[in-house]
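Notes for the one structure printed next.
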Amino acid sequence: MSLSGPNRNPADCEPTYAEIQQIQLDRLQRVRNELKKRDYAACVLFDPTHMRYATGSRNMQVYSARNPARYAFIPAEGPVVVFEFGGCLHLAESLNTVDEVRPAKAISYYFCDSFLSNVTADWAAEIDDLVRKCGGGKRIAIESATSAAAFELQKLGYQVFDAQEPLERARCIKVPNELKMIRASLRATEAGVKLMESKLKPGISENELWSHLHQHVIATDGDYVETRLLSSGPRTNPWFQECSTRPIEAGDLVALDTDVVGRFGYYADFSRTFLCGEQAATRKQQELYKLAYEQVQTNMEMLKAGRSFKEYAELAWKIPDHYKANRYFALAHGVGMTGEYPYVVHREDIDALGYDGVFEAGMTICVESYIGHDEGGEGVKLEEQIYIHENGIELLSDYPFDPRLLPV
């Protein structure tokens, strides 16, 4: 399997205005195509990531993830309507994917108190009217809404389906030039990690170190960091210990997973492990790092279009016994505006907890590794972001490995 990249050509790492306009239209068409495959008349999207994918609209992304206060009506055929938070209608009016912007009906007790049932019924009636104007049909998909919203649509005779499936399938194959947005997000995040690494000195707390990446994300027009996955020394094993007030000491391993929703709303998702201080790495630290590096490199090479998830799991690097218990659950996963389909688990888990499918050209995939001994000690987290071409793969992430931990 041929490996190319990372692509550092500025023209391939920054979309033009015209390309952005076409990307938005192409993404919307992918959503419409997935609705048509399932004979859905329309979908109603509340998830702000799905809204941004389908329409390009961006507004209060974190707030909108927990409050059903803005949403988009996407018909299989017909006008797209964005329902914006009060006072925010102007934010979506210039989008080339949006035909109309209306004030949202916030279907939440927080906004409505005892009027919630009436507001939700009015919400469903408005959606019903839009469906009728687009040609009718009684199969509709929604996601991230309240259960009452689904019940109200059912009262109007609709079969209600989960919109996550068509949206995940739409998002998993990248449209032309979408990679330029992904690379732009990665290049900005890599610069942020470089800044953060430059601040890594004995005595700095995990939280303070992590804050430098957050600052850079905002300064470069990114959105937010989705997790708090930076840990040091004994807190690197097991993984998934959120960053803390712990002062980082000389000689500590410092492991992180970026999980940045960055420029253009795209996920920059790679992991690295650093060594704090000027001293040489210990033999044990180098051993852990070597294993993690081998796992990532081997599993990258196994990726190819047409390979099934189960075949990939069987061919994957074999985790030594003492590191199986603390393994990272995902072997690989899709990535776009956030983590997305597919989610591929290890051979030990795939029959009971996973599912099969096929890697396709056009997918962007993150290959994961975590190595931490089941008897304790430090751990190493590494991860790379990949694009699958018809006849090879392209390395998208572009951040060096620590030479003290991985000698040539």
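The values are calculated or read from the model by the stated rules, or taken from the named source; none is laboratory data. Keep in mind it's a predicted model, so treat the numbers as computed, not measured. Every residue, glycine as well, gets a Cβ built from its backbone with ideal geometry; the counts of neighbours run over all protein chains shown.
Here are some notes:
- When the range 72-106 is filtered for residues that are over 26 Å from Asn33 (Cβ atoms), in contact with a helix residue (DSSP H, G or I) (Cβ under 8 Å, 6 or more places away or on another chain) and not in a loop (DSSP other than H, G, I, E, B), only Pro103 remains.
- Per the listing Ala54, Ala72, Ala141, the residue uniquely in contact with a Pro (Cβ under 8 Å, 6 or more places away or on another chain) and closer than 26 Å to Val175 by Cβ is Ala141.
Yes/no per residue for (1) free of Cβ contacts under 8 Å to residues at least 60 places away in the same chain; (2) acidic (Asp, Glu):
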residue	(1), (2)
Val367	no, no
Tyr370	no, no
Asp374	yes, yes
Gly377	no, no
Glu383	no, yes
Asp398	no, yes
Asp402	no, yes
Leu405	no, no
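- When Ala54, Ala69 are checked against the criterion of being outside any loop (DSSP other than H, G, I, E, B) and either in the same structural domain as Tyr158 (by TED's automatic domain parsing) or at positive phi (or both), Ala54 stands alone in meeting it.
- Within the option set Tyr267, Tyr224, being hydroxyl-bearing (Ser, Thr, Tyr), buried (at least 24 other Cβ atoms within 10 Å of the Cβ), modelled with pLDDT of 95 or more and out of contact with any Leu (no Cβ under 7 Å at 6 or more places or on another chain) holds for one residue only, Tyr267.
Yes/no matrix, rows are residues, columns are (1) within 23 Å of the chain's Cα centre (by Cα); (2) modelled with pLDDT of 95 or more; (3) surrounded by 24 or more Cβ atoms within 10 Å (Cβ to Cβ); (4) assigned by TED's automatic domain parsing to the domain that holds Lys194:
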{"site": "Ala361", "(1), (2), (3), (4)": "yes, yes, no, yes"}
{"site": "Gly372", "(1), (2), (3), (4)": "no, yes, yes, yes"}
{"site": "Gly376", "(1), (2), (3), (4)": "no, yes, no, yes"}
{"site": "Gly379", "(1), (2), (3), (4)": "no, yes, yes, yes"}
{"site": "Leu382", "(1), (2), (3), (4)": "yes, yes, yes, yes"}
{"site": "Asn391", "(1), (2), (3), (4)": "no, no, no, yes"}
{"site": "Val408", "(1), (2), (3), (4)": "no, no, no, no"}
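- Within the range 201-225, the residues that satisfy the criterion of being among the acidic types (Asp, Glu) and touching a strand residue (DSSP E or B) at 6+ places or on another chain (Cβ under 6 Å) are Glu206, Asp223.
- Residues in the range 210-226 that are in a loop (DSSP other than H, G, I, E, B) and closer than 20 Å to Leu382 by Cβ: 1 in all.
- Count of the range 227-256 residues which are buried (at least 23 other Cβ atoms within 10 Å of the Cβ), part of a loop (DSSP other than H, G, I, E, B) and not polar (S, T, N, Q): 2
- Checked against (1) farther than 25 Å from His333 by Cβ; (2) touching a helix residue (DSSP H, G or I) at 6+ places or on another chain (Cβ under 8 Å); (3) not in a helix (DSSP H, G or I), Ile173 passes all but a single condition, namely (1).
- Restricting attention to the range 320-349, the residues being in contact with a strand residue (DSSP E or B) (Cβ under 9 Å, 6 or more places away or on another chain) and free of Cβ contacts under 8 Å to residues at least 40 places away in the same chain number 12.
- Residue satisfying all of: in the range 307-348; among the small types (Gly, Ala, Ser) and either modelled with pLDDT under 95 or within 15 Å of the chain's Cα centre (by Cα) (or both); surrounded by the most Cβ atoms within 10 Å (Cβ to Cβ) among these: Ala332
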